[in-house]
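Have a look at the structure below before the remarks.
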Amino acid sequence: MASFQPTMLGTRYMCSSGHYLASKAGFEILEAGGNAIDAGVAAGMALAVVQSDIVNVGGVAPMIIYLAEEDRVVTVSGLGVWPKKTELAMFIGANGGAIPHGVLRSIVPAAPGAWIAALTKYGTMTFADVARAAIRYAGEGFAMHPTLAESIHNTQDQLRRWPGNAEIYLPNDAVPEIGENFVQADLARTLQYMAAQEAAAPGSREDGLEAARKAFYEGDIAQAIAGYHHDHDGLMTAEDLRDFRVGFEVPVMRHYFGFDIYTCDAWCQGPVLLQIMSLLDGFDLKSMGHNSADYIHTILEAVKLSFADRERYYGDPKFVDVPLDHLLSAHYAASRRARIDPDAAANGMPPHGDVPGYARAVGGGPSMALHGAAMIEYDTSYACAIDAQGNAMSITPSDNSASTPVIPGLGIIASGRGSQSWAVPEHASCIAAGKRPRLTPNPAIAIKPG
């Protein structure tokens with residue numbers, strides 16, 4: 001099939017993302033002498049403007065970073081936690097076990113904390129430097145593109161539930177026309193406020209970045225988020241925001257087809273990729289022929305088995321003992337691989353595997369009825385950058401603007417990722433105060449040694 005996208009070679013450095021304006025923002029940082037971390041953050045922040053239907057400044061931004069000089073991979077959790085006032089019984093009782101749309105699914109916004117933590121520890125530029133493009137795209141506008149217009153069209157009934165969402169995405173109560181200049185003035189002011197607080201802070205670059213972080217988590221932005229939750233029976237408080245910090249964590253890695261594949265830990269579904277690869281290692285996929293019936297069948301059955309284990313065992317490792325070493329072991333993979341019937345497909349999700357010391361889930365896991373009615377929710381984009389020194393950054397920023405209210409005056413939501421927890425007491429991703437939901441967006445990096 002012919003492609004109208006140009007083939008581009010990065011002979012010095014590269015940036016790629018889900019929208020060309022975000023890629024441009026990251027590339028301009030590289031051209032200005034920034035490293036891959038600076039560029040990745042700039043691209044990720046720009047996505048939260050030009051794809052604000054599926055990426056949000058108040059959302060999530062999990063990251064994986066490769067540090068060339070140290071030949072080391074680190075991850076940034078970029079995922080918020082349930083507020084301290086969260087009680088499981090409330091969701092089981094008042095909400096029938098569902099995680100409802102609105103403020104009750106909000107966890108602490110993590111993206112700003114993740115951006116600033118990455119810049120502080122591994123970047124070279126200021127918040128204002130990397131936010132410049134995002135602020136411009138928000139304040140001056142950009143051309144409404146088909147993907148965003150279609151997303152708004154598909155979710156317009158949900159957007160109309162909250163005046164702040166409708167005001168931004170449905171000006172004059174209509175979906176913006178493709179090519180129309182799309183402005184998000186409140187969002188521009190929110191980002192500019194963080195940059196201004198950085199500029200006003202005395203001291204080092206790091207001191208300025210901390211001032212930008214405090215502007216979000218302790219300043220006017222935090223007060224607006226906490227105030228809105230207080231007035232609308234939400235759970236988030238100023239204390240939740242003030243006390244939140246993202247974490248730098250060790251990745252999970254598996255060798256596959258000559259590459260070291262890195263994902264984040266089981267607070268997201270990243271390791272499921274490695275489980276799938278563990279199962280596929282026992283098959284000669286190449287001999288089956290690319291996209292043949294046998295090839296597709298084998299991959300899909302490996303996916304099903306791996307997701308069954310995700311459903312049973314994955315959760316925030318700070319709260320749940322996740323047996324990843326066992327799930328990724330050769331012995332366990334062989335036992336699960338034997339369940340793949342080359343002549344028949346599993347009907348739905350198969351049973352999870354048995355792990356010594358772990359009880360089998362009663363009934364095979366919670367039902368969708370307990371979790372609430374299924375609804376298609378579009379979210380998540382991607383950004384990555386590699387600099388001339390070989391540093392690399394991989395990001396899956398996310399959160400949609402149709403299931404959680406925009407905070408008036410800020411132009412952002414408070415992350416609705418609580419939707420990926422379960423109101424089921426024995427579930428690995430059960431709701432709990434201070435706990436991270438089991439996140440679907442998960443970045444990865446593949447590195448061929450040398």
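The values are calculated or read from the model by the stated rules, or taken from the named source; none is laboratory data. Keep in mind it's a predicted model, so treat the numbers as computed, not measured. Glycine gets a Cβ as well: all are built from the backbone with ideal geometry, and neighbour counts include every protein chain shown. Ligands, DNA and RNA are excluded from the accessible area calculation, which covers all protein heavy atoms including side chains. Shrake-Rupley method; radii C 1.70, N 1.55, O 1.52, S 1.80 Å.
Got at least one residue in the range 144-153 being at pLDDT 95 or above, open to solvent by less than 10 Å² (accessible area, probe 1.4 Å) and under 29 Å from Arg245 (Cα atoms)? The answer is no; no qualifying residue exists. Within the range 326-336, the residues that satisfy the criterion of being over 24 Å from the mean Cα position of the chain (by Cα) and either assigned to a helix (DSSP H, G or I) or touching a residue at least 60 places away in the same chain (Cβ under 8 Å) (or both) are His326, Ala330, His331, Tyr332, Ala333, Ala334, Ser335, Arg336.
Ala110 - would you say it is in contact (Cβ under 8 Å) with a residue 60 or more places away in the chain and either within 22 Å of the chain's Cα centre (by Cα) or over 28 Å from Ala392 (Cα atoms) (or both)?
yes
In the set (1) more than 14 Å from Ile395 (Cβ to Cβ); (2) part of a helix (DSSP H, G or I), Ser3 fails one condition alone, (2).
Listed conditions (1) closer than 19 Å to Ile261 by Cα; (2) in a loop (DSSP other than H, G, I, E, B) are all met by Asp321, apart from (1).
Pull out all pairs, ordered by first then second residue, where Cβ-Cβ is under 7 Å, the residues are six or more apart or on different chains, the first lies in the range 340-352 and is open to solvent by less than 50 Å² (accessible area, probe 1.4 Å), and the second is in a loop (DSSP other than H, G, I, E, B). Within 7 Å, the pairs are Pro350/Arg339; His352/Ala361. For the range 275-318, the tally of residues that are touching a Phe, Trp or Tyr at 6+ places or on another chain (Cβ under 6 Å), within 30 Å of Leu79 (Cα to Cα) and not in a loop (DSSP other than H, G, I, E, B) stands at 1.
When we screen Met63, Met45 for residues that are within 27 Å of Ala149 (Cβ to Cβ), among the hydrophobic types (A, V, I, L, M, F, W, C), open to solvent by less than 10 Å² (accessible area, probe 1.4 Å) and within 22 Å of the chain's Cα centre (by Cα), the only hit is Met45. Scanning the range 406-450 for residues that are open to solvent by 30 Å² or more (accessible area, probe 1.4 Å), closer than 25 Å to Met45 by Cβ and outside any loop (DSSP other than H, G, I, E, B) yields Gln420, Ala444, Ala446.
Restricted to helices (runs of 4 or more DSSP H) entirely inside the range 135-239, those with at least 3 residues that are free of Cβ contacts under 8 Å to residues at least 60 places away in the same chain and closer than 29 Å to Ala117 by Cβ are 185-200, 205-217, 220-231.
Would you confirm whether any residue within the range 225-240 is under 22 Å from the mean Cα position of the chain (by Cα) and over 23 Å from Pro100 (Cα atoms)? No.
Residues in the range 75-93: is at least one among the aromatic types (Phe, Trp, Tyr) and open to solvent by 10 Å² or more (accessible area, probe 1.4 Å)? There is no residue in the range 75-93 that is among the aromatic types (Phe, Trp, Tyr) and open to solvent by 10 Å² or more (accessible area, probe 1.4 Å). Of the numbered criteria (1) farther than 30 Å from Cys430 by Cβ; (2) open to solvent by less than 10 Å² (accessible area, probe 1.4 Å), the one Thr120 fails is (2). When the criteria are applied in full, Ala369 fails the requirement of being modelled with pLDDT of 95 or more, farther than 30 Å from Ile37 by Cα, open to solvent by 10 Å² or more (accessible area, probe 1.4 Å) and of a type in the set (A, V, I, L, M).
Can Gly80 be described as at pLDDT below 95 and assigned to a loop (DSSP other than H, G, I, E, B)?
Against the criterion (at pLDDT below 95 and assigned to a loop (DSSP other than H, G, I, E, B)), Gly80 does not qualify.
Candidates in the range 212-240 are the residues that are farther than 19 Å from Ile395 by Cβ, among the hydrophobic types (A, V, I, L, M, F, W, C) and in contact with a Pro (Cβ under 8 Å, 6 or more places away or on another chain); of these, the one that is most open to solvent (accessible area, probe 1.4 Å) is Ala224.
Within the range 246-256, does at least one residue satisfy the condition of being free of Cβ contacts under 8 Å to residues at least 40 places away in the same chain, open to solvent by 20 Å² or more (accessible area, probe 1.4 Å), of a type in the set (A, V, I, L, M, F, W, C) and part of a loop (DSSP other than H, G, I, E, B)? So far as the range 246-256 goes, no, none of its residues is free of Cβ contacts under 8 Å to residues at least 40 places away in the same chain, open to solvent by 20 Å² or more (accessible area, probe 1.4 Å), of a type in the set (A, V, I, L, M, F, W, C) and part of a loop (DSSP other than H, G, I, E, B).
Residues in the range 77-95 that are among the aliphatic types (A, V, I, L, M) and under 19 Å from Leu439 (Cα atoms) were compared, and the one that is nearest to the chain's Cα centre (by Cα) is Leu79.
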